[in-house]
1. Quick check on LEU223: is it modelled with pLDDT under 95 and assigned by TED's automatic domain parsing to the domain that holds TRP272?
2. Answer yes or no: is there a residue in the range 166-179 that is outside the structural domain of ILE267 (by TED's automatic domain parsing) and of a type in the set (Phe, Trp, Tyr).
3. Yes or no: GLY184 over 24 Å from the mean Cα position of the chain (by Cα) and closer than 30 Å to SER22 by Cα?
4. Taking the range 176-194 only, how many residues are over 18 Å from TYR161 (Cα atoms) and at pLDDT 95 or above?
5. What are the residues in the range 22-62 that are among the aliphatic types (A, V, I, L, M) and free of Cβ contacts under 8 Å to residues at least 40 places away in the same chain, if any?
6. Scan ASN58, ASN62 and give me the residue that is in the same structural domain as GLU95 (by TED's automatic domain parsing) and within 18 Å of the chain's Cα centre (by Cα).
7. Is it fair to say GLY165 is assigned to a loop (DSSP other than H, G, I, E, B) and modelled with pLDDT of 90 or more?
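The values are calculated or read from the model by the stated rules, or taken from the named source; none is laboratory data. Remember, predicted model here, so these are calculated numbers, not experimental data. FYI the Cβ positions are ideal-geometry reconstructions off the backbone, even for glycines, and counts take in every protein chain you see.
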Amino acid sequence: MKLSLCLITFNEEKNIHYPLDSAYDLADEVVLVDGGSTDKTIEIAKSYGDKVRIIKTNNPKNFLINKQKAIEEAKGEWILQLDADEELSSELKQEIKKLFKPVSLESRVQNSESSVDPKTNSEFSILNFKFCGYNIPRKNWFLTRFLMKGGVYPDYVLRLYKKEGANFDLKDVHENVKIKGEVGYLKSPILHYADPNFGRYLARWNRYTTFEAEKLAKEGKKLNFFVYFFIKPHWWFLKTYFRHKGFMDGFPGFVFSLFSSIRFWSIYVKWWNFKNKNGTRKSNSN
């Protein structure tokens, strides 16, 4: 029963050690889909050993396209999907090990529900895999700390799952993979070092708002100025900072609530720009 560690990268030389250091020895192979890195990302990844398989491609705005490609290229029955700036906590690593731990002959006799893998002749308890996938809590690092309030934690993500039937809809960059079968939950977290500084956060913030605005414009959605400039930002800030106690995360909690609320301003302005740019092109072509 093979486990494939699936990664996508684009200029991640500063981060790629997170998933590889924490999960390399768990996986039977590492499938890394790179979107054209110009730094040392690929060189660093290759230094980890022969289990790493590099697949070079372009860097689409919707990076889920490359995540889907990684799944399709994987040879394992199970997928462990991590981002380049994520690592397994030591506790999570132990949880995953237990799922894939072979059962002794003595345990097999005591447990009538155990089964044998005919390809490897290894014995696995079917109780280890009650589900076809597992949601995993995720701690997100923002500026100086992991955010634990503001609705940010536990931020469950589906990252361990059977390959068969797994796919992304490619509609929303925040979506989880879709799988066939029932999904369970693991207790220990993935550690996500998403935003160690404000510059990186703004770059991601800008990319996500641009993607959302362009998607809405292409779908022909009509946005209400008053809703996007007044109702949604105020509602979001009050919900995350007060209702979900974002204030308990100190100044980083305030900044996160503020900028995640004013993203609606950015989405509206970019949507308006995309919509009018397309309208101008059509009129010029006529």
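1. On the way: modelled with pLDDT under 95: no; assigned by TED's automatic domain parsing to the domain that holds TRP272: yes.
Answer is no for this residue.
2. Within the range 166-179, the first condition is being outside the structural domain of ILE267 (by TED's automatic domain parsing), and the residues that meet it are 166-179.
Filter once more, so that each one left must be of a type in the set (Phe, Trp, Tyr): 168.
Looking for residues that are outside the structural domain of ILE267 (by TED's automatic domain parsing) and of a type in the set (Phe, Trp, Tyr), one finds at least one in the range 166-179, hence yes.
3. Details: over 24 Å from the mean Cα position of the chain (by Cα): no; closer than 30 Å to SER22 by Cα: yes.
It is false that GLY184 is over 24 Å from the mean Cα position of the chain (by Cα) and closer than 30 Å to SER22 by Cα.
4. Filtering the range 176-194 for residues over 18 Å from TYR161 (Cα atoms) gives 191-194.
Those left that are additionally at pLDDT 95 or above: 191-193.
The number of residues fulfilling the criteria is 3.
5. Let us first name the residues in the range 22-62 that are among the aliphatic types (A, V, I, L, M), namely 23, 26-27, 30-33, 42, 44-45, 52, 54-55.
Across the range 22-62, the qualifying residues are VAL30, LEU32, ILE42, ILE44, ALA45, VAL52, ILE54, ILE55.
6. Details: ASN58 fails: within 18 Å of the chain's Cα centre (by Cα).
Of the residues listed, the single one that is in the same structural domain as GLU95 (by TED's automatic domain parsing) and within 18 Å of the chain's Cα centre (by Cα) is ASN62.
7. Numbers: assigned to a loop (DSSP other than H, G, I, E, B): yes; modelled with pLDDT of 90 or more: no.
Criteria not met by GLY165.
Rundown of residues vs (1) in contact with a helix residue (DSSP H, G or I) (Cβ under 8 Å, 6 or more places away or on another chain); (2) surrounded by 20 or more Cβ atoms within 10 Å (Cβ to Cβ), yes/no style:
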residue	(1), (2)
CYS6	yes, yes
GLU12	yes, yes
ASP21	no, no
GLY36	no, no
THR41	no, yes
GLY49	no, no
LYS61	yes, no
ASN66	no, yes
